[in-house]
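Participant: Here it is: the structure, laid out below.
The values are calculated or read from the model by the stated rules, or taken from the named source; none is laboratory data. Predicted model only: the values in this text are computed from it and were never measured. Neighbour counts run over all protein chains shown; Cβ positions are idealised from the backbone, glycine included. Surface accessibility is based on the protein's heavy atoms, side chains included, excluding ligands, DNA and RNA. Shrake-Rupley method; radii C 1.70, N 1.55, O 1.52, S 1.80 Å.
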Amino acid sequence: MNEESESEAKADGETASDSESRVEAATLPPSADDTPEVLNRALSNLSSRWKNWWVRGILTLAMIAFFFIIIYLGPMVLMMIVMCVQIKCFHEIITIGYNVYHSYDLPWFRTLSWYFLLCVNYFFYGETVTDYFFTLVQREEPLRILSKYHRFISFTLYLTGFCMFVLSLVKKHYRLQFYMFGWTHVTLLIVVTQSHLVIHNLFEGMIWFIVPISCVICNDIMAYMFGFFFGRTPLIKLSPKKTWEGFIGGFFATVVFGLLLSYVMSGYRCFVCPVEYNNDTNSFTVDCEPSGLFRLQEYNIPGVIQSIIGWKTVRMYPFQIHSIALSTFASLIGPFGGFFASGFKRAFKIKDFANTIPGHGGIMDRFDCQYLMATFVNVYIASFIRGPNPSKLVQQFLTLRPDQQLHIFNTLKSHLTDKGMLTAATEDK
C-alpha cells in the first residue's frame, strides 16, 4: 500500500523531500548595495557600522518628512497611499515565491495572484464604501446597484479565479501549484485584510491612524538607537542585532512619545473627527463636536506619585490613557511582527524583502510591525471605544419606504412616551 502511494505521489508530482531540496537549492537574487552614490561618497571614510547608521538615519528622516506631507494632504490621500503600500508589499512577497519556484515554470501563477488581489480589494473596498458613504451610494443609481449585489459580484469574481486555478493544474506540478495557491492566499490574509483595517481606523479619525503608526516608528527608531549605543544582551535568535537594552529603552521612549503626541493631536478637530461624507457640499469632511475622549479632564494622582512630583491632580485628555495601551502594544508586541518577518526571510535565505529603500530594504520590511498594530487598533476600537453611530442610523432610516419610516416613528414615539421622555412635549402642544 505504501509503495503504491509513493508511486502515485511521484506520478502526480514531486515528493515533499524533493520539493524541499529544490527550494533549498533555489537561489534568490543577492541584495545589492543600492545606497545613493552621493551618500556613498560622503560617508566613504566611515566604518561600515557608522556608515549604515548614517544611511538609515538620513533616509528615516526623509521618510518621516514624507509622512508629514501625506498627513497634510488629508485622509483621502492617506487612503490612496495605504493602497499603494499594500500593492507593493503584496508584490514583494509574491516575487519571493516566484523566484523560489521559478524553475518549475508554473502556469498562470503571477496572473492568478494579481487577479485574486483584485478580487479581495474589490470586496473590502466595496464593503467600506457601502458602510461609510451610505448616502452617496444610495443617491447614485449605478453605485446603489453595485452595493446591493456587491457580495454576489465579489463571490462570482473569486469563483472565476478558483476555476482558472483548477484548469491550470499540471499533473507533474500538482503539489507545488497548491503550495503557491496557499502562498497567495496567506499573503492576501496578511497584507490586504490588515491594510483594510488601517483604512477603517482612519475613518474613525486620523488620530487613530497617526498615533499607532507613529508609535511603531518611534519604537523602531528608539530601539535601534538604544541598541546601537548601549546594546549588549541579545534578545532573540531570529534577529541577532536586536538587544534587550534596545527593547526596554524603546518601550519607555515610545510610551512617553505616545503621551506627548496624543496631547498635541487631541486639541485639533481635523485629527479627532471621523471622516464623513457631506451631502450639502458633496465632499468628505472631518469636522464635528469632539467626543469626551478629546476633552481635557482633571485626574487625581496616586499618593505615592504625589510625594515624588508634588502634584495632586493633572489635566489630560482621556485619549492619552488609551495611548498608553497603544504605545505599550507597539513596543512590546508589535516587534513580534518584525521577528515573524525575520523568520520568514531566514527560511528563504534573504536579507530583505526587496531593495526599495536603501538601508531599510523593501516596503514590507518597514511595515511588518504596522500590519499587526493595525489589527490591534481595530480590535481595540471595536471593544473599548466605538458605540452606536446615530448619523448612520438616520442615513439608513431615510432610505426606507415611507410606510417603513412611519412604522419606526410610531414605535419610537411609543417607546419614548412609555419612558416619560415625551410627556413634557405633549403637554406643551
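Participant: Need pairs with beta-carbon distance below 6 Å; first residue farther than 15 Å from residue 288 by Cα and within region 383-395, second open to solvent by less than 100 Å² (accessible area, probe 1.4 Å); sequence gap 6+ or separate chains.
Facilitator: Short answer, once both residue conditions are applied: 395/134; 395/135.
Participant: Based on what the data block shows, is residue 79 surrounded by 12 or more Cβ atoms within 10 Å (Cβ to Cβ), modelled with pLDDT of 80 or more, farther than 22 Å from residue 111 by Cα and in contact with a helix residue (DSSP H, G or I) (Cβ under 8 Å, 6 or more places away or on another chain)?
Facilitator: Values: surrounded by 12 or more Cβ atoms within 10 Å (Cβ to Cβ): yes; modelled with pLDDT of 80 or more: yes; farther than 22 Å from residue 111 by Cα: yes; in contact with a helix residue (DSSP H, G or I) (Cβ under 8 Å, 6 or more places away or on another chain): yes.
Yes.
Participant: I'd like the full set of residues that are of a type outside the set (A, V, I, L, M, F, W, C) and either in contact with a Cys (Cβ under 9 Å, 6 or more places away or on another chain) or within 13 Å of residue 381 (Cβ to Cβ) (or both), limited to region 187-209.
Facilitator: 187, 195, 200, 201, 204, 205
Participant: Suppose the filter is modelled with pLDDT of 90 or more and in a helix (DSSP H, G or I); does residue 416 pass it?
Facilitator: Here the answer is no, as residue 416 does not meet what is asked.
Participant: Of the numbered conditions (1) open to solvent by 60 Å² or more (accessible area, probe 1.4 Å); (2) in contact with a helix residue (DSSP H, G or I) (Cβ under 7 Å, 6 or more places away or on another chain); (3) within 26 Å of residue 272 (Cβ to Cβ), residue 317 fails exactly one; give the number of that condition.
Facilitator: In the conditions (1) open to solvent by 60 Å² or more (accessible area, probe 1.4 Å); (2) in contact with a helix residue (DSSP H, G or I) (Cβ under 7 Å, 6 or more places away or on another chain); (3) within 26 Å of residue 272 (Cβ to Cβ), residue 317 misses (1) alone.
Participant: Are there any pairs with C-beta distances below 7 angstrom linking a residue in region 191-208 that is at positive phi to a residue that is modelled with pLDDT of 90 or more and aliphatic (A, V, I, L, M), with the two at least 6 apart or on different chains, and if so which?
Facilitator: Here the result reads 205/272, each pair linking region 191-208 to a residue that is modelled with pLDDT of 90 or more and aliphatic (A, V, I, L, M).
Participant: Does residue 422 satisfy being closer than 29 Å to residue 291 by Cα and either at pLDDT 90 or above or out of contact with any Cys (no Cβ under 6 Å at 6 or more places or on another chain) (or both)? Step through it out loud before you land on a result.
Facilitator: Working: closer than 29 Å to residue 291 by Cα: yes; either at pLDDT 90 or above or out of contact with any Cys (no Cβ under 6 Å at 6 or more places or on another chain) (or both): yes.
Yes, satisfied.
Participant: Checking residue 266 against (1) farther than 30 Å from residue 349 by Cα; (2) in contact (Cβ under 8 Å) with a residue 60 or more places away in the chain, which single condition isn't satisfied?
Facilitator: Residue 266 satisfies all of (1) farther than 30 Å from residue 349 by Cα; (2) in contact (Cβ under 8 Å) with a residue 60 or more places away in the chain except (2).
Participant: Still on this model: Report yes if residue 212 is in contact with a Pro (Cβ under 8 Å, 6 or more places away or on another chain), within 24 Å of residue 251 (Cα to Cα) and either at pLDDT 90 or above or outside any helix (DSSP H, G or I) (or both), otherwise no.
Facilitator: Here the answer is no, as residue 212 does not meet what is asked.
Participant: Now for a different question. Looking at region 180-212, which of its residues are closer than 26 Å to residue 387 by Cβ, of a type in the set (A, V, I, L, M) and buried (at least 21 other Cβ atoms within 10 Å of the Cβ)?
Facilitator: 198, 199, 202, 206, 207, 211
Participant: Quick one: residue 97 ticks every box in (1) more than 20 Å from the chain's Cα centre (by Cα); (2) surrounded by fewer than 18 Cβ atoms within 10 Å (Cβ to Cβ) except a single one, so which number is it?
Facilitator: If we test residue 97 against (1) more than 20 Å from the chain's Cα centre (by Cα); (2) surrounded by fewer than 18 Cβ atoms within 10 Å (Cβ to Cβ), just (2) comes out false.
Participant: Give just the number: which of (1) within 17 Å of the chain's Cα centre (by Cα); (2) open to solvent by less than 40 Å² (accessible area, probe 1.4 Å) does residue 340 not satisfy?
Facilitator: Unmet condition: (2).
Participant: With region 70-173 as the region, which helices (runs of 4 or more DSSP H) entirely inside it contain at least 2 residues that are in contact with a Gly (Cβ under 9 Å, 6 or more places away or on another chain)?
Facilitator: Correct list: 75-101, 109-132, 141-148, 150-168.
Participant: Scan region 221-247 and report the pairs whose first residue is under 21 Å from residue 50 (Cβ atoms) and whose second residue is in a helix (DSSP H, G or I) and among the charged types (D, E, K, R), with Cβ atoms within less than 7 Å and a gap of 6+ or a chain change.
Facilitator: Short answer, once both residue conditions are applied: 226/245; 227/245; 230/245; 231/245; 232/245.
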